[in-house]
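Beneath this line is the structure, given in structure tokens, with notes to follow.
The values are calculated or read from the model by the stated rules, or taken from the named source; none is laboratory data. All figures in this text were calculated on a predicted structure; none of them were measured in a lab. No Cβ is skipped: glycine too gets one built from the backbone with ideal geometry, and neighbour counts run over all protein chains shown.
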Amino acid sequence: MTLDKRLQNVAVVGAAGKMGSGIAVLIAQEMAKVKLRPENRENIYRLNLIDISEKALDGLRAYLRAQILKVAEKSAVLLREIYSERKDLIENRDIINTFVQDTLDLINFSTDFDIVKNARLVFEAIFENEKLKIKILKKLKRLCPADTLFLTNTSSIPITYLNEQAGLEGRIIGYHFYNPPVVQKLVEVIEPKGITDELRSIAQELGKRLRKKLVPANDISGFIGNGHFMRDGLYALNQLDSLKRQFRFPGAVYVMNRISQDFLLRPMGIFQLIDYVGVDVFQCILKVMRTHLNDTSLRNRLVDKLMKLGVRGGQYPDGSQRDGFLKYEKGRPVGVYDVRKKEYFIFDDKWKQRIDKKLGPLPEQFAPWKALLRDPKKDEKIKMHFDLLKNMNTLGAELALDYLRETKKIAEKLVETGVANSSDDVNAVLTNGFYWLYGPINDYV
Amino acid sequence: MAFLRKKIYACAGFNTVSLGTGRKEFHPKKPRPGIEHYIKEAGLGAIAQVKNPEALDEGVIGNFVAERFCKQGNLGGFFPMVHPTFQYKPCIRVEGACDSGGLALVTAIKTILADIADAVLVIGVEIQNSVKAVYGADYLAAAGWFSGERKQGHVYFFPDQFSQRAGACFKKFGKERVRQGMAQWYVNAIENARKNPKAQEYHNRNPELYATAMTPPNPKVFCEHINVFDCSKVSDGASALIFASEKGLEKLGVEKKDATEVVAFAQVQDNLTTPPPDLTKLSTCEVAAKKVYERAGIGPKDLSVLDVHDCFTIAGLLAIEAAGFAGYGEGADFVKDGKTKSDGIIPTNTTGGLIGYGHPTGATGVRQAVDVVAQLLGKAGDCQVKIDPNRPFGMLSSMGGNDKTVVTMIFRKPE
């Protein structure tokens, strides 16, 4: 069955979550574009969006409308072409609004799984919990036609394992979008043992249609993305032990966050990233990887403790950041959770200056991530940044270079252990999925 | 006989900041002043320069499309708000797309020539940041022929009209040659804007303007032959200028040394329902330039300063040809050779033009007049260029639509 045919009936399970909702936007647009082709006007298209909460579905409706509008505004050139036969649609606004409505008209929202019964393509994007995923996949298998293909957004559970547990006979593939799916270019593709040829080619074709960068990862728990991120995060967490002697706990968190963001030129500091992903998700993924890889080092007591204290990070339904390791105001960190006092320590400029002084200055002509992102000379400037760091005898430089080396080691190990086929693939995941300016496997150290 | 049956003077020009992307104080999601604020700010800016504002007899407001950007009509009604003595005085709003400001200038002059008024305050105004550019493009497309052109037209209707002109020029005169001229036009615009604190590009610090200007076009999201840097800005802004007879100047309390004489103007209208006869030239602008030179009894060589309607870089090049400074197809070379720079043969768009200062459409014609007058009066601040005593004239050429509605005007430096 062709992708176009499968796109006539699609389901997203866990559609109101942050990954599911993004996937829903991408698929809805693609379906609308297929439906609007003259030869398909008479066909019926349905995108079935399922989530457990009615309230969450209401939020999803609003999110979809806003996102599809945004996309339509950006694709107006194409939309004028698509609607060129519609004499009643003349202005951009008419055309854009019609596309938004035509797209929303394809969608069924429900808390009831029964609406998947005709779906030929199912995206699974529920919470990263192994037992739950298996249970849901089994249920979907029972409800859907026998040739339905499943794309799971798991970021850590081996696909072969899910395939076997749910009895899907090679009709499932790992299709790991990055957050937020509408923006991030990367999809990590993980093929299980026994995957059907059809699914393999459908997955590739879909990626092209959605204009995503597909990077293959082998079916080893955590894959490339979390294989790197978890260990990168654990390194920062483990560094806290020694740093807290000098800086106390809040200071240590601030130090590693700043080292990773400013000194390593990343879009956000490591603790801000863990908060963004969610401390709860971070813990869950560690558990999955620990179990499947049989590696007890994939655990962190502090993370477990924070979860017990209800410090979870993640995002509110409106997309704003929930407090985690750090406390946020208008999306910016303003404080650090103090585990001992069980409250947030709000830092001020004086406090930050005191710590920054101990770290030492950033290299001369430092430009932050955002400025470098669109700089045509960014490669040159990044190299210079690290060259200068190497010649600076400061604590900040030392911590940054140690981190850079560790990050490289983690990445190289992913290639050695066969998680990634090449260093290019690891670099592609970090630059496309995590928005890094440079890949972890580099010549800077 | 002189073209004008009595002497007309222009004085007390004022421009607001052109607000929009590029200005540090601009934030698309934060509330901004409304159209009435701009009308008042510009009006007060002008009348602050005269002793007796009550001597103003009438108002003219130039505006293109406030009904859509601001859902506001009856703009004349804001005139009495500017100053208490304007209550019950006549005010008329005029519209001619992006040449609304130019038409406002002409309307004021005609009223004075008709002996109906001695002094008229002209205010041009536009608000464009109230909607995203993709919707603003719909509103601005009203400058074309809606029922005849819009449906087949591009998302960005006007950028595409001029992209087609650029494409035609590439084909006829050589792509690199024209492209380089367009890029240099952009560089000049930004360099001039950096000297003008009111300009939208005043804060521009890009060290590599030329490279930016050469960014390849992306037809998937924009136009085939031009990039976004080839376009004028989306702007909120207003400009004001006072026209007066000799008697009017006296009543206002403005000395002649602070006013420039309007030597001649031309107002030319082409048929909106016919396509341009030749994409590689601005035929209507050319007619308007010839007429105004003839009426003023001067030629291009007599001008010390020029302000043309560079809604797009390609329009700038073609306007230089239309104004008689470069031969057909040679506008690009003329610009590339630096002849339109502030220290060139004919300093052009010395305050940034529509690309550097900004293009609050209904205000633009007035803004051009304000800036030419300021140059001739020696009041152009850091933008001031040398006004050669042997060439005491300055000219503006203001265009609406795709070379459809044009006003040209020549001013003379006071003796």
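From B:F26, B:F14, grab the single residue that is touching a residue at least 60 places away in the same chain (Cβ under 8 Å) and over 20 Å from the mean Cα position of the chain (by Cα).
Details: B:F14 fails: over 20 Å from the mean Cα position of the chain (by Cα).
Within the list B:F26, B:F14, the selection yields B:F26.
Where the second residue is in a strand (DSSP E or B) and the first is within 20 Å of A:K5 (Cα to Cα) and lies in the stretch A:186-200, which pairs have Cβ atoms under 6 Å and are six or more apart or on separate chains?
Within 6 Å, the pairs are A:L199/A:L149; A:L199/A:I173.
Somewhere in the stretch A:294-301, is a residue acidic (D, E) and out of contact with any Leu (no Cβ under 8 Å at 6 or more places or on another chain)? Spell out the reasoning first.
Going residue by residue through the stretch A:294-301, those that are acidic (D, E) are A:295.
From the residues that got through so far, the ones that are out of contact with any Leu (no Cβ under 8 Å at 6 or more places or on another chain) too are A:295.
Among the residues of the stretch A:294-301, at least one is acidic (D, E) and out of contact with any Leu (no Cβ under 8 Å at 6 or more places or on another chain), which makes the answer yes.
Against the condition closer than 28 Å to A:Q365 by Cα, basic (K, R) and assigned by TED's automatic domain parsing to the domain that holds A:N393, how does A:R231 come out, does it pass? Show your work before the answer.
On the way: closer than 28 Å to A:Q365 by Cα: no; basic (K, R): yes; assigned by TED's automatic domain parsing to the domain that holds A:N393: yes.
The answer is no for A:R231.
Within the stretch B:29-51, can one find any residue that is in contact with an Asp or Glu (Cβ under 6 Å, 6 or more places away or on another chain), assigned to a loop (DSSP other than H, G, I, E, B) and more than 19 Å from B:S235 (Cβ to Cβ)?
So in the stretch B:29-51, the residues in contact with an Asp or Glu (Cβ under 6 Å, 6 or more places away or on another chain) come out as none.
No, the conditions are met nowhere in the stretch B:29-51.
Which one of the conditions (1) over 22 Å from B:K132 (Cβ atoms); (2) within 14 Å of chain B (Cβ to nearest Cβ); (3) crowded, with 19+ Cβ neighbours inside 10 Å does A:I96 fail to meet, given that it meets all the rest?
So A:I96 meets the others, but not (1).
Can you spot a residue in the stretch A:106-117 that is within 14 Å of chain B (Cβ to nearest Cβ) and of a type in the set (G, A, S)?
Our first condition is that a residue be within 14 Å of chain B (Cβ to nearest Cβ); within the stretch A:106-117, this holds for none.
There is no residue in the stretch A:106-117 that is within 14 Å of chain B (Cβ to nearest Cβ) and of a type in the set (G, A, S).
For the stretch A:115-130, check the following and say yes or no: at least one residue is free of Cβ contacts under 8 Å to residues at least 12 places away in the same chain, surrounded by fewer than 16 Cβ atoms within 10 Å (Cβ to Cβ) and over 19 Å from A:P192 (Cα atoms). Walk me through how you get there before you give the answer.
To start, the set of residues in the stretch A:115-130 that are free of Cβ contacts under 8 Å to residues at least 12 places away in the same chain comprises none.
No, there is no match, as no residue in the stretch A:115-130 is free of Cβ contacts under 8 Å to residues at least 12 places away in the same chain, surrounded by fewer than 16 Cβ atoms within 10 Å (Cβ to Cβ) and over 19 Å from A:P192 (Cα atoms).
For (1) assigned to a helix (DSSP H, G or I); (2) surrounded by 14 or more Cβ atoms within 10 Å (Cβ to Cβ); (3) among the charged types (D, E, K, R), each residue gets a yes or a no:
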{"position": "B:P197", "(1), (2), (3)": "no, no, no"}
{"position": "B:I226", "(1), (2), (3)": "no, yes, no"}
{"position": "B:K233", "(1), (2), (3)": "no, yes, yes"}
{"position": "B:E250", "(1), (2), (3)": "yes, yes, yes"}
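Which ones in the stretch A:1-31 are in a helix (DSSP H, G or I), closer than 10 Å to A:L121 by Cβ and under 19 Å from the mean Cα position of the chain (by Cα)?
A:I27
With the requirement that a residue be of a type in the set (V, I, T) and in contact with a Gly (Cβ under 7 Å, 6 or more places away or on another chain), what does the stretch A:221-266 give you? So that I can check it myself, show each step before the final result.
Looking only at the stretch A:221-266, we keep the residues that are of a type in the set (V, I, T), and these are A:224, A:253, A:255, A:259.
Across the stretch A:221-266, the qualifying residue is only A:I259.
Give me the pairs, please: first residue somewhere in the stretch B:128-154 and within 8 Å of chain A (Cβ to nearest Cβ) and under 17 Å from B:S100 (Cβ atoms), second residue anywhere and of a type in the set (A, V, I, L, M, F, W, C) and outside any loop (DSSP other than H, G, I, E, B), beta-carbon distance under 8 Å, and either six or more positions apart or on two chains.
Hits for this filter: B:A141/B:F157; B:A141/B:F158.
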